[in-house]
């Protein structure tokens, strides 16, 4: 069952909010991925963290959460853009009448 995240009637939403959220979660994914790569491929940073596996696991969880939120934002963006296309089509039809 698909959830509807964007409701257009009576709501005006600026695409800038969606773009900012998209950038935010993408950056969080990149940060988590980099941290995991450092733990896997380098002894740098490991010395400061005696429980490397726990730190790696935390980064993995952060990546998962950010990815899920990023996907929700992508769905929201898609719904927003479709609603804009629909509104533009309705305007065009009204202008033709």
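Couple of notes before you dig in:
- FRET efficiency, 1/(1 + (r/R0)^6) with R0 22 Å, evaluated for residue 90 and residue 17 via beta carbons: 0.40
- Tail weight of P(r) past 16 Å, computed on alpha-carbon pairs of the stretch 50-97, percent: 62 percent
- The stretch 17-78: C-alpha gyration tensor shape, a/c 1.5 cut-off, then a/b vs b/c: prolate
Just so you know, all these numbers are worked out from the coordinates, no wet-lab data involved. Fair warning: this is a prediction, and the values are worked out from it, not measured in the lab. Cβ atoms come from the backbone with ideal geometry, glycine included; neighbour counts cover every protein chain shown.
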